[in-house]
1. How about the range 45-128: which GluC sites (Glu not before Pro) there lie in a loop by DSSP and see at most 10 other Cβ atoms within 10 Å?
2. Quick one: which of 533-539, 278-284 comes out on top by average Cβ neighbours within 10 Å, and what's the full order, highest first?
3. Peptides 334-346, 459-471: what's the order by average Cβ count within 10 Å, highest mean first?
4. D91 accessible area, nearest 10 Å², 1.4 Å probe?
5. Where does each of F369, F300, F73 land when they are ordered by accessible area, with a 1.4 Å probe and the largest first?
6. Could you order K61, K116, K505 so the one with the most accessible surface comes first? Probe is 1.4 Å.
7. Can you sort M449, M119 by 1.4 Å-probe accessible area, starting with the largest?
8. With a cut-off of 8 Å between alpha carbons and a minimum separation of six or more residues, what is the relative contact order of the range 153-309 in percent?
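The values are calculated or read from the model by the stated rules, or taken from the named source; none is laboratory data. Please read these numbers as outputs of a predicted model, since none were measured by experiment. Methodologically, a virtual Cβ is constructed for each residue, glycine included, from the backbone with ideal geometry; neighbour enumeration extends over all protein chains shown. Only protein heavy atoms, including side chains, enter the accessible area calculation; ligands, DNA and RNA are left aside. Shrake-Rupley method; radii C 1.70, N 1.55, O 1.52, S 1.80 Å.
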Amino acid sequence: FQTQSLRLSDLHRKSQLWRGIVSVTLIEGRELKAMDANGLSDPYVKFRLGHQKYKSKIVPKTLNPQWREQFDFHLYEERGGIIDITVWDKDAGKKDDFIGRCQVDLSTLSKEQTHKLEMPLEEGEGCLVLLVTLTASAAVTISDLSVNSLEDQKEREEILKRYSPMMMFHNIKDVGFLQVKVIRAEALMAADVTGKDSFSKSDPFCVVELNNDRLLTHTVYKNLNPEWNKIFTFNIKDIHSVLEVTVYDEDRDRSADFLGKVAIPLLSIQNGEQKAYVLKNKQLTGPTKGVIYLEIDVIFNAVKASIRTLMPKEQKYIEEENRLSKQLLLRNFIRMKRCIMVLINAAYYISSCFDWDSPPRSLAAFLLFLFVVWNFELYMIPLALLLLLAWNYFLIVSGKDNRQHDTVVEDMLEDEEEEDDRDDKDSEKKGFMNRLYAIQEVCVSVQNMLDEVASFGERIKNTFNWTVPFLSWLAIVALSVFTIILYFIPLRYIVLVWGINKFTKKLRSPYAIDNNELLDFLSRVPSDVQVVQYHELKQDPSHSPSKRKKNNPG
């Protein structure tokens, strides 16, 4: 992004604060143009509203694709805007084919109402079916330290009331309230070297991001210890979101230079505490120069947050395309191998019981096998998982936590960062990867598949390891409910209710977006790579931040 889009001034302040949300549900395409030799296409859709961009999944070999995906845009202009929509045919190894385009003029749509639109494609054939809803929203805000919502007794009470247990079923998407004080930074990296004496300086500004909400401070010129003293507020739609604070150096002639970044999961925040966060590199794997002082407050409704956990995650704007990386491919392979080795070791353990390598252990296993098989009921499956969670919680509370910091993943991430730096330098000189585009695409697919498989296993492990206590407690509640249901209700009735729900879902809600509650839950659990990235680094002893507790009003 260019510098001019990053500066926060009175001129640009208004354009950053969004006034509503445009929810677009992509339902289907009808009679699209055939772009492949087999008389079919592999269509996907791109959406654009201002700087906000989304891309749908690819539906292979069809002219009547079913997507059923939802995308949320922020509406920055009260008069509306125009969503540009283009449809493409995915081609492996060459440039994708253009199928058609259409536009949605938001100024013609009434607010607080869902509109079903059948948009014919220009420069092509067929149409797209969309659901578009415009919703007014309490905008995110920027203010000086003198304007503090949580220190005002009346405003604080209103916020607490809005997210009280009594409001648990009111506006499920409004989960909580986040206030971020960006106070100052110290000992930043010098990005500019000017003058006869080679005077080093930077022109730092700060970008605060929560999912697709993105706000910025003003620039403090020629300063390595800037003070911003700004307060940012956000509405929380998912308590498992990660707050990202990035410091850049403004450069008027080219894009901004990266100085450092921190990523802070909302559930790890300690309210009202001013902390000095050590800035990390782009991959969030190791420290860079400088610290940033933040004070963060989170207020949320736990019931809403739990319900939202079982819904699909908000998709971020289109990011950079994945590229082939030898280190990344190796890292994902090792991660998946570690997950598979857990299963292999479990199989070896069971086999050793059969072989009576340890008679006491084999005897205990044999008696347990007889007892479980003779008395087995279906409710014992969630009960066993519940006991495993409880056992790990007991180990953590009693100080016998056997979880270890994952230095293997951290080392691999650092190697990947070094390779990225080499790639950035070599890419200007070499076009080798472009000439092997088809091979790269296959390798990237394998790389991503390894990442998905490894992440799935790691998320299950981290659920039972109490990596995120909120999610582990939620799992305990769910498993307890399942255990009770399976104990008291015959299986045939449960299967009957499940089948009726599945068969009638599309009849009851024709445009409902398919989702899997279990996968949505696991998507909120961090993988081992994310655990390393979100790990807070210990600050340099030379920095002694003042930690103070805020005096809560009243």
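1. Numbers: sites: E69, E77, E78, E112, E118, E122, E123, E125; in loops: E77, E78, E112, E123, E125.
Sites meeting the loop and neighbour criteria: E78, E112.
2. On the way: 533-539: 14.7, 278-284: 18.3.
So the peptides 533-539, 278-284, ranked by packing, come out 278-284, 533-539.
3. On the way: 334-346: 13.8, 459-471: 18.7.
Per-residue Cβ counts within 10 Å, averaged per peptide and sorted highest first, yield 459-471, 334-346.
4. D91 exposes around 10 Å² with every protein chain in place.
5. Numbers: F369 120, F300 70, F73 0 Å².
Result, largest first: F369, F300, F73.
6. Values: K61 140, K116 100, K505 50 Å².
Heavy-atom accessible area, descending, gives K61, K116, K505.
7. In descending accessible area the options line up as M449, M119.
8. Working: 356 pairs, mean separation 46.5, N = 157.
30 percent.
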